[in-house]
Amino acid sequence: MHGRDTGWWVQAGRHPRLLVLPIDARAALPMLLWAVYPSWPMAGVAAASVMLFAVLAWLGYSLPTALRYLRARLRGRRLYARPWHYQKRFRARGF
C-alpha cells in the first residue's frame, strides 16, 4: 500500500515555515503587525522576533519545544509525586 495516496499525511507533523526560509511561520505575526502599524519600534519588534525564530531554528528548536525546555529548566531536577500542600503535613512530623 505504498504510493501517492498514502504519503500525504506524513507531512502533518512538520512545523510551518515562512516561505522558503528556515524560520517558523509564527514570526510572520509581528511582521504583519508592523505592516498594519508601521513605526520604528514595531519594526524593531518584528526584526527581533525574526532573529529569535532564526536562532531557535538554528539550535533545532521550535517555539513550543523551546518553551517546554525552559519550563523544565525552571522547574528543576526534582519532581515530586505529591503536591506541596500534601508534603507540608509530613515535614512537621519529621517523616
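Rounded, prolate or oblate for segment 9-74? Axes are the square roots of the Cα gyration tensor eigenvalues, ordered a ≥ b ≥ c, and the cut-off for rounded is a/c under 1.5. Oblate shape, in that a/c is at least 1.5 and b/c is the bigger or equal ratio. Computed over segment 40-85, the convex hull of the alpha-carbon atoms projects to a mean area of 5.1 nm². Scan around I23 for amide H atoms under 5 Å from its own, H built in the peptide plane at 1.01 Å from N, and keep only partners 5 or more places away or cross-chain. For I23, whose amide H was placed from the backbone, the distant partners under 5 Å are L18.
Here, each number is a calculation from the coordinates, and none is a lab measurement. What you see is a predicted model, and the numbers here were worked out from it, not measured in a lab.
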